[in-house]
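Values in this text are rule-based calculations from the coordinates and carry no lab data. If you're wondering where the values come from, they're calculated on a predicted model, not measured in any experiment. Please note: Cβ atoms are built from the backbone with ideal geometry, for glycine as well, and neighbour counts cover all protein chains shown.
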Amino acid sequence: MKPEKLNDIKKELASKSVSELADLCIRLAKYKKENKELLNYLLYDAHDAMEYANQVKKFLEDDFNTLSTHYYTASKILRKILRLISKHAKYTATKPVELELLMWFCHKFLNTGHIHTSYKPIHAIIARQLEKIKLMIPKLHEDLAFDYKTEFDQLLNEVDQKIVWLHKSNYTIH
């Protein structure tokens, strides 16, 4: 069975009463955890997306604090953190929140003991995030882009000082 097009669903929702819409939302929230989390964000946190980003950071702080010393396990936890960052950034649907969370991830990564490893999956994790940030900044409004570029340049300087296997020149924004 193929679902209807989004435009058709929108028209059908417009014809529903408020109580019917509330029932549909509750049913969606019961069906899947992500739907419930998204509905929770939209109802309680959508008015201040940056505060929501701070809540996500606090929530993920524990995962960084319990990072394993074994590189394989640490890479699994880092990927888990990035999956959660992507999921919560998707809820907000704003690039500045996603950038904020990714920059926070990179700063936290630099403060772990895993920056001196030769384990290639950990190298790839941080390199991918830096590349993602580099590509996102030019897509922002010019004022925001300037602010985030300045912050990103500071992050790159910190990366250049702490990580010998990562070359700053690969990630600079021109």
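Jot down the radius of gyration and Dmax of region 20-115, Cα atoms only, both in angstrom.
My reading of the Cα-based Rg and Dmax gives 15.5, 53 Å.
Would you calculate the separation in nanometres between label points at residue 90 and residue 61, each defined as 7 Å from the Cα along the Cα-to-beta-carbon direction?
2.7
Can you pull the percent of Cα pairs in region 48-170 with separation above 22 Å? Don't skip to the end; give the middle numbers.
Numbers: 2473 of 7503 pairs.
It works out to 33 percent of all Cα pairs.
Quick one: work out Rg over Rh on the C-alpha atoms of region 7-47, Rh as Kirkwood radius.
Numbers: Rg = 11.2 Å, Rh = 11.1 Å.
A ratio of 1.02.
Given a cut-off of 14 Å, what percent of all Cα-Cα pairs of region 100-174 lie beyond it? Don't skip to the answer; put the middle values down first.
Working: 1624 of 2775 pairs.
Counting every Cα pair in region 100-174, those more than 14 Å apart make up 59 percent.
Tell me, what is the FRET efficiency for residue 33 and residue 76 to the nearest 0.05, using R0 = 25 angstrom and their Cβ-Cβ distance as r?
Values: r = 21 Å, r/R0 = 0.83.
Given R0 = 25 Å and the Cβ-Cβ separation, E is 0.75.
Cα extents of region 70-133 along the three principal axes, largest first, in whole Å?
35, 17, 17
What is the dipole size for the chain, taken about its Cα centre, with +1 at each Lys and Arg Cβ and -1 at each Asp and Glu Cβ, in debye to the nearest 20? Don't jump to the answer; show the numbers that get you there.
Working: 28 positive and 23 negative charges, 185 e Å.
It works out to roughly 880 debye.
Short version: ³J(HN,Hα) in whole Hz for each residue of region 54-61, in order, from phi by Karplus 6.51 cos²θ - 1.76 cosθ + 1.60 (θ = phi - 60°), x for Gly and Pro, what are they?
5, 5, 5, 4, 4, 5, 7, 4
With unit charges on the beta carbons (Lys and Arg positive, Asp and Glu negative) and the dipole taken about the Cα centre of region 7-47, which residue among 7, 46, 24 sits farthest to the positive side?
Result: 24, furthest along the dipole toward the positive end.
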